[in-house]
1. With a point put 7 Å past each Cα toward its Cβ, work out how far Tyr210 is from Ala53 in nm, to one decimal.
2. List, in order, the whole-Hz ³J(HN,Hα) value for each residue of the range 67-84 obtained from phi through the Karplus relation with A = 6.51, B = -1.76, C = 1.60 and θ = phi - 60°; use x for Gly and Pro.
3. Given axes a ≥ b ≥ c from the Cα gyration tensor, I'd like to know whether the range 49-162 is rounded (a/c under 1.5), prolate (a/b larger than b/c) or oblate.
4. Which one is right for this structure if mean projected area of the Cα convex hull in nm² is calculated from it: (i) 15.1; (ii) 10.4; (iii) 16.4?
5. Are any of the pairs Lys7/Lys79; Lys100/Lys199; Lys8/Lys160; Lys92/Lys199; Lys40/Lys160; Lys16/Lys119 more than 30 Å apart by Cα-Cα distance, and if so, which?
6. Rank-order 113-123, 176-186 by packing density, defined as the average count of other C-beta atoms within 10 Å over each peptide's residues, highest first.
7. Output ³J(HN,Hα) for the range 154-167: one whole-Hz value per residue in order, computed from phi by the Karplus curve 6.51 cos²θ - 1.76 cosθ + 1.60 with θ = phi - 60°, and x for Gly and Pro.
8. Could you provide, to the nearest whole Å², the per residue accessible area of the range 1-131 with probe 1.4 Å?
Amino acid sequence: ADDFNQKKETNLLGGKSEIFTSSLSSTLKTNFKAEEGMKKGHALEISYDVSQAGSYAGYITSLQNLDLRGFKTLTFLIKERGNNQNILVGLKDSTGNESKVLVNNYLPATITTSWKEVKIPLAVFSNIRDWGRIENLSLAFENRLNDKGVIFVDNIEFHKGMNSLMVDTFEINNQRNLLGGTYWTFASGSAAINGQHAKGSPNGIYRVSYGGNIGEIKAYASDLF
């Protein structure tokens, strides 16, 4: 989709790129910069300030109603200047359906000052209905995530192959997995179960505690325990 080496406001698909802000108090600027550690070419530099509560800003690049049927994965390179940043990556189809996900959910750790490849399964953009006409890709910054910072992005690509799919890491306690689906516990008959997020050296884990009585089948129970 784009490697930013042409240093233009149009991507490699011919689509225009633009920025958006929530108000005059939020700002975002882009630049094309040759970065150390890259073999050749330039990367997209994004400087943003969303210090005001509730504010946001972002970058949009048009995908020209790209047909992504049969594609499985979105990848790009990312690094930051500063610490502990997080951004939202979004896709929008031609009918206005849009999904956004957090980048850090698809990295082994967090965004750092060294280049890392982000691999996002397209399945996580669950609101998309028309994969035959994808209108744009966005990178968004919100005050609830960070107040200001600088990030670098390079080599935005879509791939038909997918070697693996992460369903959940349990790092975030929001009752949703990384595909956007919900999860819950259930019990039948004289049984009890409880699920709870916990931390384990130091990764997030999900602890399941369960128990029940083994005995005669009750009138309301359909099977043994």
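The values are calculated or read from the model by the stated rules, or taken from the named source; none is laboratory data. Just so it is clear, the model here is predicted, and its values are computed rather than measured. Note: ideal-geometry Cβ built from the backbone for every residue, glycine included; neighbour counts use all protein chains shown. Ligands, DNA and RNA are stripped out before the accessible areas are found, and what is left, the full protein with its side chains, is counted by its heavy atoms. Shrake-Rupley method; radii C 1.70, N 1.55, O 1.52, S 1.80 Å.
1. My value for the distance between the label points is 4.4 nm.
2. 8, 9, 5, x, 8, 10, 9, 10, 10, 6, 9, 8, 8, 10, 10, x, 9, 6
3. Details: a/c = 2.20, a/b = 1.42, b/c = 1.54.
It is oblate, given that a/c is not under 1.5 and a/b is not larger than b/c.
4. (iii)
5. Working: Lys7/Lys79 19 Å; Lys100/Lys199 26 Å; Lys8/Lys160 27 Å; Lys92/Lys199 35 Å; Lys40/Lys160 25 Å; Lys16/Lys119 24 Å.
Violating the 30 Å Cα-Cα cut-off are Lys92/Lys199.
6. My ranking of the peptides, most packed first, is 113-123, 176-186.
7. 8, 6, 7, 9, 10, 10, 8, x, 8, 6, 7, 9, 7, 7
8. 51
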